[in-house]
1. Count, please, the residues in the stretch 171-201 that happen to be assigned to a loop (DSSP other than H, G, I, E, B), out of contact with any Gly (no Cβ under 7 Å at 6 or more places or on another chain) and of a type in the set (A, V, I, L, M, F, W, C).
2. If you take the residues of the stretch 43-72 that are touching a residue at least 40 places away in the same chain (Cβ under 8 Å) and in a helix (DSSP H, G or I), which of them is farthest from GLU117 (Cα to Cα)?
3. Here is a list: HIS429, HIS400. Which entry is at pLDDT 80 or above, farther than 18 Å from HIS378 by Cβ and outside the structural domain of GLN316 (by TED's automatic domain parsing)?
4. From the list TYR406, TYR357, which one is over 30 Å from PRO278 (Cα atoms), free of Cβ contacts under 8 Å to residues at least 60 places away in the same chain and not β-branched (Val, Ile, Thr)?
5. For the stretch 101-115, which residues satisfy the criterion of being assigned to a loop (DSSP other than H, G, I, E, B) and in contact (Cβ under 8 Å) with a residue 40 or more places away in the chain?
6. If a residue must be of a type in the set (Ser, Thr, Tyr) and more than 26 Å from PRO155 (Cα to Cα), how many such residues does the stretch 21-80 contain?
7. Anything in the stretch 368-418 that is on the phi > 0 side of the Ramachandran plot and either exposed (fewer than 11 other Cβ atoms within 10 Å of the Cβ) or in a helix (DSSP H, G or I) (or both)? List them, or say none.
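The values are calculated or read from the model by the stated rules, or taken from the named source; none is laboratory data. All of these numbers come straight from a predicted model, not from anything done at the bench. For neighbour counting, all protein chains shown are included, and Cβ atoms are generated from backbone atoms with ideal geometry for every residue, glycine included.
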Amino acid sequence: MDLFEYAQEKKAGFDGPLAYRMRPRTLDEYVGQAHLVGPGRMLNVALKEDRLPSAIFYGPPGTGKTSLAWIMAETTRARFIQLDASNSGVAELRKVLAEAQDRLKLHDQQTLLFIDEIHRFNKAQQDVLLPAVERGSVVLVGATTENPYFSVNAPLLSRTRVLPFYPLEPEQLRQILESALTDPERGLGKLRIEVAPEAIQHWLRVSGGDARVLLNALEASLRIARQKTGAAPDSAIRIGGDEAAEAVQQRLVLYDKDGDAHYDVISAFIKSMRGSDPDAVLHWLARMLKAGENPRFIARRIVICASEDVGLADPQALVVANAAAQGIEYVGMPEGELLLAEAAIYIACAPKSNRAYKGLTAARQDLERMNIGTVPKHLRDANYGSAKKLGHGQGYLYSHNYPGAYVAQQYLPDTLKGRKYYEPSESGHEKKIRERLALLRDPK
């Protein structure tokens, strides 16, 4: 930024990086982590009752850990002390804790001690915190991007609550971006800025759910656009896809999640799994992930493909696909990308059969075009007093009373007797199913 631009921003009331200026000051301004701060949720209630818990905020960068700690202190009028674990020693820590004890005793004011990167504290430093947290002379809030169950001592964990923070969703990032562009006091609202949709899409993709990365990208793109256009202070500044890509040094991916490309790419991905081409599957998967596609959407399509296109040719495919979908919720991104890749490759390499899908379709068609009849009496529920008077359950053959737990009897309604809906293929496990059904239907 040159002196002229700096003077213009100072004139507009700007001071400090955009990401710093746009930090939320109240819960109403806070975006994301609704599972913690939404109505009726734990921290929301704690703030209203002025009963702050000591906690470990665990999650990726830019998800609001520090901002929420500031809001907690401001809302409860606690004294806010922030330490960075990477450059704070035991002596400094003891001094802060002693002052907190005096503050509580002499002025009845609580101290909220926020320790960033608490996982960097060694055992001795963490042990120093224990008495203060135990007696409540400080409310400890530690922030970490590392799993606290591996990096924080068990005694300290037992005195705190581990609260997970999740990457911000695209709509939440859009809300933050809109605030930054329109806020005339802390944001860029006093400037005339026009942002192309592809620029916004690019920022959302590269930010990875990190609000700080998003706002830094906006600020860098703004400066590049100014330099390119040489716009006067009162002129409109246009930020396009090129400026957005240049600011974050990542190539713009042409992928509109709400347009044709979204459907075309997912279609290619599914057809590549169905067509048993793992290389193409990985290409389309990588393309979607790079463009910021919702991993839950991808996981759902993999599960559907496992059921519809692999089917009983490999029953394990559905297990693998469902495990990946559940793992996404547990692991999150970016690690969850590997779960999607493994499941998609498994589906692509598995034998294929759509006979279950075809069988269900045929059964549904008969519901529409045929007299489907009633439930045969021997199959009807006989577990109530008057059932026998109606003949329900009479003549039913209990399979487990026969060799191999099988006995031939009619299970379809009379009007559909003899209909065949499921015909196993010769592919994979279905070949074994085909052989078994053939033996059961014709034991000779």
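1. The total comes to 2.
2. Going through the qualifying residues, I end up with LEU43.
3. Just a single option satisfies the conditions, and that option is HIS429.
4. Matching residue, one of TYR406, TYR357: TYR406.
5. Residue satisfying the conditions is GLN110 alone.
6. 6
7. If the condition is that a residue be on the phi > 0 side of the Ramachandran plot and either exposed (fewer than 11 other Cβ atoms within 10 Å of the Cβ) or in a helix (DSSP H, G or I) (or both), then GLY404, ALA405, GLY418 are the ones that fit.
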